[in-house]
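K.L.:
Provided herewith is a single structure, encoded as C-alpha cells, for subsequent inquiry.
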Amino acid sequence: SQSTSVKLRAHQFIHKVLSFRRQPNTDTTKSATIMAAESIPSAHRVTGDDDLLTGILIRLPTKPLLRFKSVSKHWLSLITSPYFYRRRSQGITTPSGLFLRRYSSPKHDFIPLDGTSATKPHFRTLNIVERGGIQISQSCNGLLCCFTVQRTNAPCKYYICNPTTQKITTLPDPSGRIFNYTRGVQLAFDPSKSSCYKVVCVYSAVGLSGHYEIEVYSSETGIWSRSGNPFRSSVKFKQGVFWNGAINWFSSSDEFLCFNVDEELLRTLSMPPVPSGGERRFVKYFVESNDHLHLIENYGPPTSHVIVYEMPRDYSGWFVKYIVDLDAVMKAFPGSINEGVDPSDVNYYMFLILNLTRMDDDDESFLLFTLPGKAMRYNLSDRTFKIALDLDEGQSGIAPIVPWAVAFPYIETLACV
C-alpha cells in the first residue's frame, strides 16, 4: 500500500543517514557492510528518540517531509508540532521564488530565485488556487492571502493559503458584512513570534463619507473584532505590506499610514519628499524583504532611474538605500524603449519592477524587473544585470509589456492555515 511504501522509504532514509554518519574515512567494501549492518538497530533507536528523530526530520526537503507525515500518528504529531515548526522556520527569511500573477488569466507562473530546486515548491503553477478561480492579493512570510475573481455579482470571498503544504482555508465575512465592499484586506503573519496569523480588513465607515474603519481577524480565536474609531486617509489600502508588527500603507501624496496589529494602534507618518525638480511621485514598488521595508519611486518626467528608500524600525523617517540607474540595461536591450511615443509619455521606458530581494549578504541583494520578452535580475551592489527568464512567445499578447501584473514572494513554511 502507499502507507507501507512511505514507511519503508522513511526507514531507508534513516538507515542512510546513520550509515553516512558512521562511515569511516577509508571506504572499503568490508567496512561499509559492517557499518550498514550496525546501523540497523540504531535506526530503531532513532525512531524511539524524539529529539534525535526531530533533528533528522527537520533537515529534510519539504516534499519527502510532507510524505513522511503518513508514516505514523507519532511522526505526524512531531512534524506538525509548534516546536518542530519554530525550529524549521528559523533562518528562513529570504524568498526562494516568486509567484507571478498574469493580467487576464487566473494563472500564476513561478520563478525560482535561489538557483536550486531544493526549496522550490512541488508545482509549476499554483493549482490549489487556480482550480477555484482565485487570485493572490498578498504574500506574507510563506502564507498567501487570496480572493475570488469577481465575474458576477456573487459575494467575494477571501482565503489564506499555504502553497508549501497545499492547504487553504476560507475566511469568514467580517461582522456580517461581505468582502465586496472592503477597501483592503491584508495578512499579518510573523512565524518568529507565533504560528497563528491575523487579517486586517479596512472598509468604508457607514454614514461617514470619506471615513474608514478597521476590523481584525485572529486565526487563534476564529473571530473578527472591530478596532478603534473611524478615520480619514488617502493611502492605497489594497497595497498594504506587513512589516515590524504592523500593516503599512503608502499614498501618492504625502501620507504614510501604519497599523500595529497586536496593539491595534494607528499612526500617520510621511512619505519621502519629492526631490527638487521632480514633477510628481510615481510609486514603482512597495515591499518587505528580509525584515526591511522598502519604497521604490521615481519622479516625472519619465526616467530609467529609480530611488529605493528604506524605513528604520523606529519609523524615524525614510532614507535613501539605493539609487538604481537602468540606462545601461536600456541600451543593452533597445526594445525596452517605446520609440512610438513621446519621451515624456509614462510608457516611454517599458520596465516593470517585480520584486526587490534583500539577502543576508547585502552584496547579493537584487532587483527583479521585466522588459518586453524577459525578466531581468539586477545586482544592487555591483550594478550588474542578467536575464532571469525568457518569456514564452505565446504569453506576449496578454499584456502590452509583460504578461504579469504583480509578483508575490514564496518562502517555505509548514504553518497551518
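K.L.:
Mind listing whichever residues of segment 213-239 are outside any loop (DSSP other than H, G, I, E, B) and open to solvent by less than 40 Å² (accessible area, probe 1.4 Å)? Don't jump to the end; show me each part of the working.
P.N.:
Restricting attention to segment 213-239, the residues satisfying the condition of being outside any loop (DSSP other than H, G, I, E, B) are 213-218, 223-232, 237-239.
Matches in segment 213-239: Glu213, Ile214, Glu215, Val216, Tyr217, Ser218, Trp224, Ser227, Phe231, Phe237.
K.L.:
Let me ask you something else. Could we say that Val306 is touching a Lys or Arg at 6+ places or on another chain (Cβ under 7 Å), of a type outside the set (Ser, Thr, Tyr) and either open to solvent by less than 70 Å² (accessible area, probe 1.4 Å) or in contact (Cβ under 8 Å) with a residue 24 or more places away in the chain (or both) here?
P.N.:
Numbers: touching a Lys or Arg at 6+ places or on another chain (Cβ under 7 Å): yes; of a type outside the set (Ser, Thr, Tyr): yes; either open to solvent by less than 70 Å² (accessible area, probe 1.4 Å) or in contact (Cβ under 8 Å) with a residue 24 or more places away in the chain (or both): yes.
Yes, satisfied.
K.L.:
Identify, please: which residue in segment 227-243 is of a type in the set (D, E, K, R) and over 19 Å from the mean Cα position of the chain (by Cα) and is, among those, farthest from Gly207 (Cα to Cα)?
P.N.:
Applying the first criterion (of a type in the set (D, E, K, R)) to segment 227-243 yields 232, 236, 238.
Within this subset, residues satisfying the condition of being over 19 Å from the mean Cα position of the chain (by Cα) are 232, 236.
Numbers: Arg232: 13, Lys236: 21 Å.
That would be Lys236.
K.L.:
So, of the residues in segment 240-296 that are among the acidic types (Asp, Glu) and either farther than 20 Å from Arg183 by Cα or in contact with a His (Cβ under 9 Å, 6 or more places away or on another chain) (or both), which turns out to be surrounded by the fewest Cβ atoms within 10 Å (Cβ to Cβ)?
P.N.:
Step one: of segment 240-296, the residues among the acidic types (Asp, Glu) are 254-255, 262-264, 279, 288, 291.
Imposing the further condition that a residue be either farther than 20 Å from Arg183 by Cα or in contact with a His (Cβ under 9 Å, 6 or more places away or on another chain) (or both) reduces the set to 262-263, 279, 288, 291.
Values: Asp262: 13, Glu263: 9, Glu279: 11, Glu288: 20, Asp291: 12.
Ranking the candidates gives Glu263 first.
K.L.:
Looking only at segment 187-209, count every residue that is assigned to a loop (DSSP other than H, G, I, E, B) and open to solvent by 40 Å² or more (accessible area, probe 1.4 Å) and tell me the total.
P.N.:
10
K.L.:
Next up: Suppose we filter segment 186-226 for residues that are over 18 Å from the mean Cα position of the chain (by Cα) and either at pLDDT 90 or above or of a type in the set (Phe, Trp, Tyr) (or both); how many remain?
P.N.:
Within segment 186-226, the subset over 18 Å from the mean Cα position of the chain (by Cα) is 201-226.
Next, from what is left, pick out any that are either at pLDDT 90 or above or of a type in the set (Phe, Trp, Tyr) (or both): 201-203, 211-226.
So the count comes out to 19.
K.L.:
For segment 308-335, name all the residues that are at pLDDT 85 or above, of a type outside the set (Phe, Trp, Tyr) and more than 19 Å from Asn244 (Cβ to Cβ). Walk me through how you get there before you give the answer.
P.N.:
Filtering segment 308-335 down to residues at pLDDT 85 or above leaves 308-333.
Subset that is of a type outside the set (Phe, Trp, Tyr): 308, 310-314, 316-317, 320-321, 323-332.
Selection gives Val320, Ile323, Val324, Asp325, Leu326, Asp327, Ala328, Val329, Met330, Lys331, Ala332.
The values are calculated or read from the model by the stated rules, or taken from the named source; none is laboratory data. These numbers come from a predicted model, not from an experiment. Glycine gets a Cβ as well: all are built from the backbone with ideal geometry, and neighbour counts include every protein chain shown. In case anyone asks, the SASA skips ligands and DNA or RNA and just uses the protein heavy atoms, side chains included. Shrake-Rupley method; radii C 1.70, N 1.55, O 1.52, S 1.80 Å.
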